[in-house]
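Below is one structure, written out as structure tokens; the observations come after it.
The values are calculated or read from the model by the stated rules, or taken from the named source; none is laboratory data. These numbers come from a predicted model, not from an experiment. Methodologically, a virtual Cβ is constructed for each residue, glycine included, from the backbone with ideal geometry; neighbour enumeration extends over all protein chains shown.
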Amino acid sequence: MLKGVVAYVDVCTECDNRSSAVESVLRQLGAKVSTKLSKEVTHVIYKDGKKRTRDVALRRQLHFMSVLWLVKFKEMCARVSESDYPVAPPSHTPLPYGRYKRYRSMQPKSIEEDEADSAKKIRRRQARANKKIQLQTSSSQQRSLYL
């Protein structure tokens, strides 16, 4: 359906990169997905990504559109005009270069991760308690020797 389309995807939400999900949909629809913004790229799908991506796409006059273009394409099962789905202005100041950081502390943990953390804490507590008991018994034995 998307034969001849070579797309580059830069879709982020706050500090989380969501490009891989969009890339998989593009591949399912027959588009070729580029990992770099090379000269082969014909379409750029963008949302709150890197400033460099935006600048290069505009300078090269590539098809520069939002994810909504892909959503509409899937709904209609037919090619829709790229110009009808322009990129919205950035909701935050885009990072000039580099990668987005993921803050795992704010991410919910899976049950397995939670259980592993709990088991680790319990082992640590038991080790501290055992060490404390050993210190107490060794100090009481030393006192009994001097008496």
Considering every residue within the range 62-70, establish whether at least one is over 24 Å from the mean Cα position of the chain (by Cα) and farther than 17 Å from Thr13 by Cα. yes
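Of the residues Leu68, Leu62, which is more than 18 Å from Met1 (Cα to Cα) and at pLDDT 85 or above?
Of Leu68, Leu62, the one residue that is more than 18 Å from Met1 (Cα to Cα) and at pLDDT 85 or above is Leu62.
Considering each of Gln142, Gln136 in turn, give the residue that is modelled with pLDDT under 90, in a helix (DSSP H, G or I) and surrounded by 10 or more Cβ atoms within 10 Å (Cβ to Cβ). Full working, then the answer.
Values: Gln142 fails: surrounded by 10 or more Cβ atoms within 10 Å (Cβ to Cβ).
Result of the check over Gln142, Gln136: Gln136.
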Looking at (1) assigned to a helix (DSSP H, G or I); (2) surrounded by 11 or more Cβ atoms within 10 Å (Cβ to Cβ); (3) at pLDDT below 85, find the lone condition where Ser83 falls short. (2)
Exactly one condition in (1) over 20 Å from Asn17 (Cα atoms); (2) modelled with pLDDT under 85; (3) not assigned by TED's automatic domain parsing to the domain that holds Cys12 is false for Pro94; which is it? (1)
Mind checking which residues of the range 2-43 are hydroxyl-bearing (Ser, Thr, Tyr), exposed (fewer than 15 other Cβ atoms within 10 Å of the Cβ) and within 22 Å of Pro89 (Cβ to Cβ)? Thr13
Could you grab me the full set of residues in the range 1-52 that are closer than 14 Å to Phe73 by Cα and basic (Lys, Arg)? Lys3, Arg27
Tell me yes or no: at least one residue of the range 14-33 is in contact (Cβ under 8 Å) with a residue 40 or more places away in the chain, within 21 Å of the chain's Cα centre (by Cα) and in a strand (DSSP E or B). yes
